[in-house]
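The values are calculated or read from the model by the stated rules, or taken from the named source; none is laboratory data. The model shown is predicted, which means the values in this text are computed figures rather than measured ones. Neighbour counts run over all protein chains shown; Cβ positions are idealised from the backbone, glycine included.
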Amino acid sequence: MIAFLIRRLLATIVLLIVVSAITFGIFFLLPRLAGQTTYGLATQYVGRNPTPATIHQIEQQLGLNAPVIEQYGRFLRAIVFGEHYRSGPVVAYCPPPCFGYSFKSELPVWPQMVSDMPVTASLAIGAAALWLIGGVAVGILSALRRGSIWDRLSMGVALAGVSLPPFFTGLIALELFSYKWSIFPNVQYVGITQNPLLWAKNLVLPWTVLAFLYAALYARLTRSGMLETMTEDYIRTARAKGLPERTVIIRHALRAVLTPIITIFGMDLGLLLGGAILIEYTFSLHGLGLFTIEAINNQDLPEILGVTMLAAFFIVFANLIVDILYSVADPRVRT
């Protein structure tokens, strides 16, 4: 087990380095290959009507005129050891993990992402709990009652959940439950340490809207898996031994169905932790999603690179957790 974990950790570190190199190349190498000069890139960060001397100063200050491999080396070194950044006569130290300084605001990227992370984490974890429990439960009941009214109704709702985009259902939910009926008025993020009840109340609508999409997918996946598993020979053997139906479903059938659920759950949660952009934009929750939108609108490369790396870390880490859960559920994957 320890050797398996070490191999997975080493593979995770190598994968993150590869992702960082590809991401850095997309933002800093491809523009050069396409004909963009560092002089032209520097003009985006000096305001209106800049002088050539000012542009050259910004170009040198931001390190845009250095070779790409040197810039990438400084980027990796800053993440591990920190970096000193010069802004005019002032030299500021960015402690590790340092993802650079914003070209626009001249603020370190990492503290900005950390301040927005609780919003995205609260949104993702709460919605994940709802869609995992609700989707799996609905899928199991639909499979056990195949062809019934419940099965057709739940699968119809699941089809609607898959088809409707979250920004549409989010706006409908706001119109009905926040503006018209005032059940959840003034939806905004409140820290869980400040007021746990208000924190949960203000996130009920975003949780429900986000969970509605994913729960539909999980319900359909669970239903199809249960229908296939319930016809297997070992299920008939368990019933022939006289085991209670509840034991057959939970200990035998559901365990086989949960294997693909674990896979997609790790991926979905990792993607959401990287930024639930549509939900945050719809409900005006300033998390990593809105942070990403603002960085793209400002063409702030360090911020875009930082949030991309953070999203990649969450996805890779989620896959590592999935591998560990696999090794616990099925020891054969350790070999």
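Check whether at least one residue in segment 16-34 is under 17 Å from Pro302 (Cα atoms), in contact with a strand residue (DSSP E or B) (Cβ under 9 Å, 6 or more places away or on another chain), free of Cβ contacts under 8 Å to residues at least 60 places away in the same chain and of a type outside the set (A, V, I, L, M, F, W, C), and report yes or no.
no
Do you know which residues across segment 280-301 are in a helix (DSSP H, G or I) and modelled with pLDDT under 85? Show your work before the answer.
The first filter runs over segment 280-301 and keeps only residues in a helix (DSSP H, G or I), leaving 280-283, 288-298, 301.
Asn298, Leu301, listed by residue number.
Quick one: in segment 267-297, of everything that is of a type in the set (S, T, N, Q) and farther than 23 Å from Val19 by Cβ, which residue is farthest from the chain's Cα centre (by Cα)?
So the residue we want is Asn297.
Find the residue count for segment 165-199, including only residues that are touching a residue at least 24 places away in the same chain (Cβ under 8 Å) and among the hydrophobic types (A, V, I, L, M, F, W, C). First the steps, then the outcome.
We begin by selecting, within segment 165-199, every residue touching a residue at least 24 places away in the same chain (Cβ under 8 Å); these are 165-167, 169-171, 173-174, 177-178, 187-189, 191-192, 199.
Still in the list and also among the hydrophobic types (A, V, I, L, M, F, W, C): 167, 171, 173-174, 177, 187, 192, 199.
Of the residues in that region, 8 qualify.
Determine, yes or no, whether Trp199 is assigned to a helix (DSSP H, G or I), within 19 Å of the chain's Cα centre (by Cα) and surrounded by 13 or more Cβ atoms within 10 Å (Cβ to Cβ).
no
May I ask you to list the residues in segment 122-161 that are within 20 Å of Ala173 (Cα to Cα), surrounded by 17 or more Cβ atoms within 10 Å (Cβ to Cβ) and not small (Gly, Ala, Ser)?
Residues satisfying the conditions are Leu123, Leu130, Trp131.
Given the criteria modelled with pLDDT of 85 or more and assigned to a helix (DSSP H, G or I), does Ile264 qualify?
When the stated conditions are applied, Ile264 does not pass them.
Please find, among Gly191, Gly170, Gly156, the residue that is out of contact with any Phe, Trp or Tyr (no Cβ under 6 Å at 6 or more places or on another chain) and not in a helix (DSSP H, G or I). Reasoning before the result, please.
Working: Gly170 fails: not in a helix (DSSP H, G or I); Gly156 fails: not in a helix (DSSP H, G or I).
It is Gly191.
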